[in-house]
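Beneath this line is the structure, given in structure tokens, with notes to follow.
Quick note: the coordinates plus some simple rules give every number you see, no bench work behind them. Keep in mind it's a predicted model, so treat the numbers as computed, not measured. All Cβ positions, even for glycine, are placed from backbone atoms using ideal geometry, and neighbour counts span all protein chains on display.
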Amino acid sequence: MISYRHYHAGDEVKIVELWNESLPLDPITSERFRNLVLLDANFEPQGLRVGFDGDRLVGCVYAVRRLLPMHGTDLEPDTGWIPFFFVHVDYRKAGVGEKLLEEAEGFLAEEGRSNVFFASYAPNYILPGIDEEAYPEAYSFLQKLGFEKQYTAVAMDRNLVGYRMPDDVASLKKERAREDYFFSKAEDKDLYEVIQFANEKFNPDWGRAIREGILQGLPLNRILVARHKEQVVGFCIYGGYEGVPDRFGPFGVDPAQQGKGLGKILLHDCLVSMRSEGLHGAWFLWTGEKTSAGHLYRKTGFEITRRFYVMKKTNNS
């Protein structure tokens, strides 16, 4: 008989083992699980639900709500997230997943969370959403339980072997310099402005990524800043997430400054910097395929490597 409960100290060993058996395309280490889940400021044992057949772990689901605001005082009181779930292959289609998701949703509902997302949780998401190609059964399972697709996020990669900055981009950079646009590696004097710019113009998660990345050892020369005269108008980073040097982003240009090719310059400056460190590739997990950023990446040689569906379920009380 299968028993269900929340996380107890020591469960993480079996959770990581079953994770790697169940999600072979997205394996995880004990260290990453510790950093992304157990050390998350929003982690609560009651949200990490597990199912056991005797002493054998057969399923796991993680539900999380915001205890620490991403920015300001907003705890997003109506919203909860399910960043991951998995069931042992021998126990699928036996009600284990349904029971675990029911308990996870119950935990969120008790805390007033009526909107549940898979899996667009920040700051410590594992994947942006469900990859239908990799996990078709999981995608069907979520639909069966009432989750609906909200939008598609794509992951992209670019091989940097043989890369060099195109001549037209180098010329554009010189042209913008004559208009008082400056591109440089970050220094201490830039940090407050860049973090505020990321928070206010884009997403508080981006400002957090910069701050926490630096605190965890991100070298300032992996942060590129664009200014018009004295004003920050854009930035990009690589190596900011989990210290993985070839992971690109976040990256943004002030919407009021778009159309001048600033994003193109920043992106290529970043790729030059990555190549100068000897990196053989650049990749990221999440952008909109049809957005201006998505088009820029494609023109720069990035190729789509995965698609994810961000999904949502609304539970009406």
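A few comments on the model shown:
- Here the ratio of the Cα radius of gyration of the stretch 223-317 to 2.2 N^0.38 Å is 1.24.
- Extension gain from VAL272 to ASN221, taking 0.36 nm per residue of separation minus the Cα-Cα distance: 17.1 nm
- Between the beta carbons of HIS8 and ALA134, assuming R0 = 45 Å, the FRET efficiency works out to 0.90 to the nearest 0.05.
- Between ASP53 and GLU102, the modelled label-to-label distance comes to 1.9 nm, taking each label 7 Å out from Cα in the direction of the beta carbon.
- When peptides 13-25, 266-278 are ranked by their average number of other Cβ atoms within 10 Å per residue, the highest-first order is 266-278, 13-25.
- Ranked by the mean number of other Cβ atoms within 10 Å of their residues, highest first, the peptides 186-193, 149-156 come out as 149-156, 186-193.
- Cut-off 15 Å between beta-carbons: net charge of the residues surrounding LEU220, Lys and Arg +1, Asp and Glu -1: -3
- Packing, taken as the mean count of other beta carbons within 10 Å per residue, orders the peptides 168-177, 306-315 from highest to lowest as 306-315, 168-177.
- Net length available on complete extension from LEU68 to GLU17 is 15.4 nm, with 0.36 nm assigned per residue and the Cα-Cα distance removed.
- Full-extension gain in nm, HIS295 to ASN203, via 0.36 nm per residue minus C-alpha separation: 31.1 nm
- Net +/- balance of residues flanking TYR151 in space, Cβ distance below 12 Å, scoring K and R +1, D and E -1: +2
- The coefficient of translational diffusion for the stretch 162-279, derived via Stokes-Einstein from the alpha carbon Kirkwood radius under 25 °C and 0.890 mPa s, stands at 172 µm²/s.
- All-pairs alpha carbon distance profile, the chain, 20 Å steps from 0, percent: 30, 53, 16, 1
- Positive dipole terminus of the stretch 162-279, leading residue within LEU215, HIS268, PRO250 (C-beta point charges): HIS268
- Counting only residues at least eight positions apart within a chain, or on another chain, the lysines with an alpha carbon under 22 Å from that of LYS264 are LYS173, LYS174, LYS185, LYS201, LYS229, LYS290, LYS299.
- Computed 3J(HN,Hα) for the stretch 136-147, one whole-Hz value per residue from the Karplus formula 6.51 cos²θ - 1.76 cosθ + 1.60 where θ = phi - 60°, is x, 5, 5, 5, 5, 4, 4, 4, 4, 8, x, 7, glycine and proline marked x.
- The charge dipole of the chain, taken about its Cα centre with unit charges on the Cβ atoms of Lys, Arg (+1), Asp and Glu (-1) only, comes to about 900 debye.
- For the options LYS185, LYS299, LYS99, a Gaussian network treatment of the chain with springs between C-alpha atoms closer than 10 Å singles out LYS299 as fluctuating the most.
- The loop-placed GluC sites (Glu not before Pro) in the stretch 80-173, going by DSSP, that have at most 13 neighbouring Cβ atoms within 10 Å of their Cβ come out as GLU133.
- Degrees, to the nearest 10: 12-22 long Cα axis against longest axis of the chain: 80 degrees
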